[in-house]
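Please read the structure below before turning to the comments.
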Amino acid sequence: MNTTEKYLAAKEKYASIGVDTDAVLKELEKVKISMHVWQGDDVQGFLSDGELTGGISVTGNHPGKATNPTELRQDLEKAYSFIPGKHKLNLHAIYLDTDEKIDLNEIEPKHFEKWVAWAKEQGLGLDFNPTFFSHPMFKDGFTLSSPEKEVRDFWIEHGKRSRKIAEYFGKELGQVCVNNFWVPDGYKDNPIDRYSPRKRLMESLDEIFAEELDPSLTLDAVESKLFGLGAEAYTVGSHEFYMGYGLTRQKLVCLDAGHFHPTEVISNKLSSLGLFSEGILLHVSRPVRWDSDHVVIMDDELQEIAKELVRNDLLGKTNIGLDFFDATINRVAAWVIGTRNTIKAVLKAMLEPTDYLKQIELDGDFTTRLVLTEELKDFPYADVWNYYCEQQGVPVGLDWYKEAQQYEQDVLLKR
């Protein structure tokens, strides 16, 4: 059977449990994944050639890394050509494209005009992140919470300018730009005073966010972390800090899959956060014992995240972004694997008879709940996925990888 014939058989199978696959695929088209630019060049950016600092570490030396904005956009175009749907790109401030010699506290919208022009050509939205790491003003492990006013002022100015760039993206592209704030501040060993750095961080963020910006153009998000390299004992921006900050300042709360204790999962937090937060930002990643940012695979937690978003009707208030980097493998392939898996997990969740499952649970029929959820694991969702890819004009199955291998031979290995 060809792809369409397999889809029609799958459509009939799902119809037997009350799921309309045609309607599901129409809904899936609306889901945008914000693919992260930093997988393409190992989080180096174009501001400096210095080493990564602030708990950021990339391992591996696979050939073909992008070394300038033109190469990076070329690689991104190839990756997007393998991914069904129209999505977004998440830029960090260090990915400016300009010949000017400027610092992070001097960046302006004009330094990202080439990215905006490219995004318009590609039909993509843009998200943004200020960059609070890998810089001489990341002093003694601190930025916005530094005890030195000069340091705080530098990073506050950077944060303010980042918001204006995000606003510019929203105006130019007609899609809201999510601007995510994460800072690596913390201590390697046990501090005496945990309160004062958090108070300084709160005050610095309040100053950055003092100007009201149109929420149809840009939304601010804040991101927590349990620990990082060099901040193993104490992270200023903890989950509790940013949960409180986001809820009291009407900011999106970002949950990164790798930023919690190894026994914690973010899927179980979504239903609670959905009740109280202005909105949610996800950084979908794959931690292996710590925040190691492995390429997203179709594991249990990815599927649970997607189920929580679909079952609780949270897709409308959730911005799905990716955050991983692996330099041991083909970087374009890494993007494609992670993004396709994330979309596929959402599709699989949408193919559940959610209303029926909720009703039998409410009725106390836990036997049917278990039977059906187990049987659904063997339903032919892959045939629905392959049909979706074909309809969206992207390669089906392993066909994309054959093209990616050819691109590596023709382009990446010649750099």
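Derivation of every value follows stated rules applied to the coordinates shown; laboratory data play no part. From a predicted model like this one, the values you see are computed outputs, not experimental measurements. Using ideal geometry, Cβ is built from the backbone for each residue, glycine included, and neighbour counts are taken over all protein chains shown.
Which of 368, 336, 197 sits closest to the plus end of the dipole of the chain, meaning its Cα is farthest towards the positive end, when Lys and Arg get +1 and Asp and Glu get -1 on the C-beta?
336
Could you check the spin-label model distance between residue 114 and residue 199? Points 7 Å from the Cα along Cα→Cβ, value in nm.
Taking the two extended label points, one gets 4.6 nm.
Give the order of 31, 43 when sorted by the count of other beta carbons within 10 angstrom, beginning with the fewest. Working shown, then result.
Details: 31 19, 43 22.
Least crowded to most crowded, the residues run 31, 43.
First select every other residue whose beta carbon is under 12 angstrom from the beta carbon of residue 19; then total the charges, Lys and Arg +1, Asp and Glu -1.
On the way: positive: 11, 13, 348; negative: 12, 20, 22, 27, 352, 355.
Taking every other residue near residue 19 into account, the sum is -3.
Can you pull out the trypsin sites (Lys or Arg not before Pro) in the stretch 220-312 that DSSP calls coil and that have at most 15 other Cβ atoms within 10 Å? Write out the running numbers ahead of the final one.
Working: sites: 225, 249, 251, 269, 289, 307, 311; in loops: 225, 251, 289.
The qualifying sites are 289.
Looking only at the stretch 1-144, where both bridge partners belong to it, what percent of the DSSP beta bridges are antiparallel (to the nearest 5)? Mind dumping the intermediate values first?
Working: 1 of 9 bridges.
Within the stretch 1-144, antiparallel bridges account for around 10 percent of the total.
Full-extension gain between residue 413 and residue 249, please, as 0.36 nm times their residue separation minus the C-alpha to C-alpha distance. Walk me through the intermediate numbers first.
Details: separation 164, 0.36 × 164 = 59.04 nm, distance 4.78 nm.
Gain on stretching residue 413 to residue 249: 54.3 nm.
Take every Cα pair under 8 Å in the stretch 31-350 that's 6+ residues apart, average their separations, divide by the length, and report that relative contact order as a whole percent. Kindly include the intermediate steps, with their values, before the conclusion.
Numbers: 651 pairs, mean separation 65.3, N = 320.
Relative contact order, the stretch 31-350: 20 percent.
Put a dot 7 Å past each Cα toward the Cβ at residue 373 and residue 233; how far apart are the dots in nm?
4.2 nm
Just to confirm the number: angle between the C-alpha axis of helix 381-391 and the first principal axis of the chain, 0 to 90 degrees, nearest 10?
70 degrees
From the square roots a ≥ b ≥ c of the eigenvalues of the alpha-carbon gyration tensor of the stretch 31-350, which class results: rounded (a/c under 1.5), prolate (a/b over b/c), or oblate?
Values: a/c = 1.29, a/b = 1.11, b/c = 1.16.
Since a/c stays below 1.5, the shape of the stretch 31-350 is classed as rounded.
Using θ = phi - 60° and the Karplus curve 6.51 cos²θ - 1.76 cosθ + 1.60, what whole-Hz ³J(HN,Hα) does each residue of the stretch 173-186 get, with Gly and Pro shown as x?
After applying 6.51 cos²θ - 1.76 cosθ + 1.60, I find 9, x, 10, 4, 9, 7, 10, 9, 9, 10, 10, x, 4, x Hz.
Report the GluC sites (Glu not before Pro) located in the stretch 1-92 that are in a DSSP loop and have at most 14 other Cβ atoms inside 10 Å of their Cβ, or state none.
On the way: sites: 5, 12, 27, 29, 51, 71, 77; in loops: 29, 51.
Sites meeting the loop and neighbour criteria: 29, 51.
What residue among 381, 394, 406 has its Cα farthest toward the positive end of the dipole of the stretch 361-415, where the charges are +1 on Lys, Arg and -1 on Asp, Glu, each on the Cβ?
Result: 406, furthest along the dipole toward the positive end.
Taking a ≥ b ≥ c as the square roots of the Cα gyration tensor eigenvalues, with a/c under 1.5 meaning rounded and otherwise prolate when a/b beats b/c, else oblate, which class fits the stretch 273-415? Don't skip to the answer; put the middle values down first.
On the way: a/c = 2.42, a/b = 1.66, b/c = 1.46.
Verdict is prolate for the stretch 273-415.
Could you tell me which residue out of 89, 36, 7 lies farthest along the dipole of the stretch 1-132 toward its positive end? Charges go on the beta carbon: Lys and Arg +1, Asp and Glu -1, centred on the Cα centre.
So the residue we want is 7.
Extending each Cα 7 Å along its Cβ direction at residue 328 and residue 314, get the distance between those two points in nm, one decimal.
In this crude spin-label approximation the distance works out to 3.1 nm.
How many percent of DSSP beta bridges within the stretch 31-350 run antiparallel, rounded to 5? List each step's numbers first, then the result.
Values: 5 of 33 bridges.
Taking every DSSP beta bridge with both residues in the stretch 31-350, the antiparallel ones total about 15 percent.
Let's see if you can work this out: charge +1 on each Lys and Arg Cβ, -1 on each Asp and Glu Cβ, no other charges. What is the dipole magnitude of the stretch 122-253 about its Cα centre, in debye to the nearest 20?
Values: 16 positive and 21 negative charges, 19 e Å.
For this selection, approximately 100 debye.
Which value, in debye to the nearest 20, gives the size of the charge dipole of the stretch 31-350 about its Cα centre, when Lys and Arg are +1 and Asp and Glu are -1 at the Cβ?
Values: 36 positive and 49 negative charges, 182 e Å.
Approximately 880 debye in magnitude.
Given H placed 1.01 Å from N in the peptide plane, which residues other than close sequence neighbours of residue 127 have an amide H under 5 Å from its amide H?
Here the answer is 89, 90, 91, since their amide H atoms fall under 5 Å of that of residue 127.
Less than 12 Å Cβ to Cβ from residue 122, Lys/Arg counted +1 and Asp/Glu -1: what total charge do the surrounding residues give? Could the numbers behind the result be given before it?
Details: positive: 73, 78, 86, 88, 120; negative: 77, 121.
Cβ neighbours under 12 Å give a net charge of +3.
Which net charge results when you count Lys and Arg as +1 and Asp and Glu as -1 among the other residues whose beta-carbon is under 13 Å from that of residue 376? If you can, show how the numbers build up before the last one.
On the way: positive: 13, 307, 311, 348, 369, 377; negative: 352, 374, 375, 378.
Overall, the nearby charge balance is +2.
Can you tell me the FRET efficiency between residue 77 and residue 363 if r is taken as the Cβ-Cβ distance and R0 is 41 Å, rounded to the nearest 0.05? Write down the numbers at each step before the final one.
On the way: r = 51 Å, r/R0 = 1.23.
Here the calculated transfer efficiency is 0.20.
Round to a whole angstrom and tell me the spacing of the C-alpha centers of the stretch 355-409 and the stretch 148-180.
The distance from the Cα centre of the stretch 355-409 to that of the stretch 148-180 comes to 38 Å.
Of the listed pairs 6/348; 26/65; 88/199; 6/86, which have alpha-carbon separations greater than 28 Å here?
Working: 6/348 16 Å; 26/65 36 Å; 88/199 34 Å; 6/86 25 Å.
Where the Cα-Cα span goes over 28 Å, the pairs concerned are 26/65; 88/199.
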